[in-house]
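Student: This structure is in structure tokens; I'll ask about it shortly.
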Amino acid sequence: MINYNQAKKILIKSKIKIKDELIDPSKSVNRINVLDIYCTVNYPAGTNAAFDGFAINSKDTNKLNKNNSQNFKILKTISAGDNPKLNIVKKYETVEVMTGALIPKGFDTIIPIEKINFYLDSKNKKHIIIDEKIKGNQHIRYAGSDYKKKDLILKKGSIIHSSHVLAFKTLGIKKIKVKKKPNILFFSTGNEISNNTNIVHWKVRNSNSHYIKSLSKNFMFNFIDGGILRDKDEKLFKKKIDKSIKSKIDIIITSGAVSAGKYDFVPLVVKKFNLSNSFKGVSIRPGKPILFAKFRNVEKAIFGLPGNPISSSACFRFFVYPYLLNILGVKAEKPFKAKLKNDYLKNKKILRFLKAKLTSTNDGKLELQVLKGQESFRIKSFIESNIWGLFEDGKSIFKRGDLIDCYSPIGPNINIFK
């Protein structure tokens, strides 16, 4: 039996090829960009007003004060979207500008509307009065001050977020080359598994397939439900694999039938195929019987996850997720750390994935509490948890205050920590 780090090395060198495609940026959330994305325009496109007010040439105010005021003639009002062009701007002239309006040439600063005094009649605005020196470059957004042409927007191999979509659309990005979503074919296994809501007590509701399908909505794969394989469906399973190898399926995942019981046929069937890299059994809990194999000479791989719900979810998080990131060209995620709130004791040789509660202290420090009910069949503690704590092998005693590696249960840490 290998350890977790050895298993990860096998996963890394068992990379399968995923093709690229061009898509509209509006459909790119949670996709992986293949190329660096650069800005093709200046943003803002033109120098514009950050406030409602009046644009002036600051040099016209150099000699102004309370005893030496000056009337500035209002030439026009410019709103966002108006053409700002003026023929000639003379000394002591101004234009009224709305927020977002382009600033005509000859003006370099804005006086906010709240600070404006109008000459004679505020209802018949023809002049404003200025009786102080005004600084230049006030309340103006300069062209290209946010993004300039050829500025990098997003590095290749990034998970695209909604904030990126906003940027792409703002900056006029028309198409993005991304990795296609891997197609995952999922099989539940066992005579006990049922898709019925009302079941007898010796049956088990089919939850693992629904859990992993739900993850596909916020992550980067297509979920295909292969149905339930029964205890004597060994030959059927082999046929399903044969068919999948010739199809657009990229990864096959099973849940259950992966251990060493009488009807645990998944490892026996997988061994019948020509494999390049594989492992069966990793010194972890939960999920020790996990299986992985890459098929030789084809860009296909298979995972055999344990059947217990928490074992299945833990193995998907710590084996399938990293594998998906790797084949899609995303850098390996890194854990963030939190201080342990309660002492914990485990088998020194076993690495543990533990359901835990992450909180923060009043001074902003992250703390991790290992929850009760770590058995792989218990889902109550999974509901109560908001983080996975990884307790490394080679150590048995973990004391309060120790720093623990933490992983988000809903997706890679790199969604948050770039």
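The values are calculated or read from the model by the stated rules, or taken from the named source; none is laboratory data. Just so it is clear, the structure is predicted and the values come from calculations on it, not from any experiment. So basically every Cβ, Gly included, is an ideal-geometry build from the backbone, and we count neighbours across all protein chains shown. Just so you know, the surface numbers come from the protein's heavy atoms only, side chains and all, with ligands and any DNA or RNA stripped out. Shrake-Rupley method; radii C 1.70, N 1.55, O 1.52, S 1.80 Å.
Student: Could you look through the range 347-370, keep only residues that are in a loop (DSSP other than H, G, I, E, B), in contact with a strand residue (DSSP E or B) (Cβ under 7 Å, 6 or more places away or on another chain) and farther than 24 Å from Asn3 by Cα, and pick out the one that is most open to solvent (accessible area, probe 1.4 Å)?
Tutor: Across the range 347-370, the extreme among qualifying residues is Lys365.
Student: Kindly list the number of the only condition in (1) open to solvent by less than 10 Å² (accessible area, probe 1.4 Å); (2) modelled with pLDDT under 95 that fails for Asn277.
Tutor: (1)
Student: Of everything in the range 36-89, what is of a type in the set (A, V, I, L, M) and in contact with a helix residue (DSSP H, G or I) (Cβ under 7 Å, 6 or more places away or on another chain)? Give them in sequence order.
Tutor: The answer is none; no residue qualifies.
Student: For the range 90-103, how many residues are open to solvent by less than 50 Å² (accessible area, probe 1.4 Å) and either at pLDDT below 95 or not in a loop (DSSP other than H, G, I, E, B) (or both)? Give the steps one after another, and end with the answer.
Tutor: Step one: of the range 90-103, the residues open to solvent by less than 50 Å² (accessible area, probe 1.4 Å) are 93-97, 100-101, 103.
When the remaining residues are screened for being either at pLDDT below 95 or not in a loop (DSSP other than H, G, I, E, B) (or both), the result is 93-97.
Within the range 90-103, residues that are open to solvent by less than 50 Å² (accessible area, probe 1.4 Å) and either at pLDDT below 95 or not in a loop (DSSP other than H, G, I, E, B) (or both) number 5.
Student: While we're looking at this one, here's another question. Filter the range 137-169 for residues that are charged (D, E, K, R) and not in a strand (DSSP E or B); which is nearest to Asn33 (Cα to Cα)?
Tutor: The extreme case among them is Lys156.
Student: Could I ask something else about it? Those residues that are under 25 Å from Ser312 (Cβ atoms), touching a residue at least 24 places away in the same chain (Cβ under 8 Å) and part of a loop (DSSP other than H, G, I, E, B), I need them from the range 170-202; list them, please.
Tutor: Lys181, Pro182, Gly190, Asn191, Asn195
Student: Inspect all residues belonging to the range 207-220 and state whether any of them is touching a residue at least 12 places away in the same chain (Cβ under 8 Å), outside any strand (DSSP E or B) and among the aromatic types (Phe, Trp, Tyr).
Tutor: Among the residues of the range 207-220, at least one is touching a residue at least 12 places away in the same chain (Cβ under 8 Å), outside any strand (DSSP E or B) and among the aromatic types (Phe, Trp, Tyr), which makes the answer yes.
Student: Follow-up question, since we're still on this one. How do the pairs read when you match residues in the range 292-311 that are free of Cβ contacts under 8 Å to residues at least 60 places away in the same chain with residues anywhere that are open to solvent by 10 Å² or more (accessible area, probe 1.4 Å) and of a type in the set (Val, Ile, Thr), using Cβ under 9 Å and keeping only pairs 6 or more apart or on different chains?
Tutor: From residues that are free of Cβ contacts under 8 Å to residues at least 60 places away in the same chain, the pairs are Phe295/Ile245; Val298/Ile245.
Student: Spot the failing condition for Asn198; the list is (1) of a type in the set (S, T, N, Q); (2) modelled with pLDDT under 95; (3) surrounded by 14 or more Cβ atoms within 10 Å (Cβ to Cβ), and only one is missed.
Tutor: Among (1) of a type in the set (S, T, N, Q); (2) modelled with pLDDT under 95; (3) surrounded by 14 or more Cβ atoms within 10 Å (Cβ to Cβ), Asn198 violates only (3).
Student: Taking the stated definitions as given, is Asp242 modelled with pLDDT under 95 and either open to solvent by 40 Å² or more (accessible area, probe 1.4 Å) or more than 33 Å from the chain's Cα centre (by Cα) (or both)?
Tutor: Here the answer is no, as Asp242 does not meet what is asked.
Student: Cβ-Cβ under 7 Å, sequence separation 6+ or interchain: first residue in the range 386-404 and of a type in the set (Val, Ile, Thr), partner assigned to a loop (DSSP other than H, G, I, E, B). Which pairs?
Tutor: Ile387/Ser408; Ile387/Pro409
Student: Okay, next question. Hey, could you check the range 30-73 for residues that are among the small types (Gly, Ala, Ser) and in a loop (DSSP other than H, G, I, E, B) and say which is most open to solvent (accessible area, probe 1.4 Å)?
Tutor: So the residue we want is Ala45.
Student: From the set of residues in the range 9-29 that are buried (at least 18 other Cβ atoms within 10 Å of the Cβ) and not β-branched (Val, Ile, Thr), which is nearest to Lys169 (Cα to Cα)?
Tutor: Pro25
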